[in-house]
Structure formats: C-alpha cells, structure tokens
Amino acid sequence: MDKFYFLLRLVGGLLAVGGGLLAFDYWILALVLGLLAESRLLLAVVR
C-alpha cells in the first residue's frame, strides 16, 4: 500500500511539474508574441 501511495505521489508530482513547465513555455511564447506585436506597432507609428 505504501509503495502504491508513493507511486501515486510521484506520478502526481511529475504531472504537476510537467504542467508547470508547459504553462511557463506558453507564458514565454505569449510574452515574445506580445513584444513582437508591440515593436511592429511602434515601427508603424514611427514610420
């Protein structure tokens, strides 16, 4: 029973870490896309 509980916690921890990394990747992607859009807007305004 202890082994099963440990395995369950291990899998849950891995899923949580994986989900966190995935969310972090999407956050970076959103940030980069936002910066690109903003720089294009600034260039359009300057021109």
*If you go through the stretch 18-26 one residue at a time, do you hit one that is part of a helix (DSSP H, G or I) and either modelled with pLDDT of 90 or more or among the hydroxyl-bearing types (Ser, Thr, Tyr) (or both)?*
yes
*asked:* What's the total number of residues in the stretch 1-15 that are loosely packed, with under 10 Cβ neighbours inside 10 Å and either at pLDDT 85 or above or touching a strand residue (DSSP E or B) at 6+ places or on another chain (Cβ under 6 Å) (or both)?
replied: 4
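The values are calculated or read from the model by the stated rules, or taken from the named source; none is laboratory data. All figures in this text were calculated on a predicted structure; none of them were measured in a lab. Counting neighbours? That spans all protein chains shown, and the Cβs are built from the backbone with ideal geometry, glycine included.
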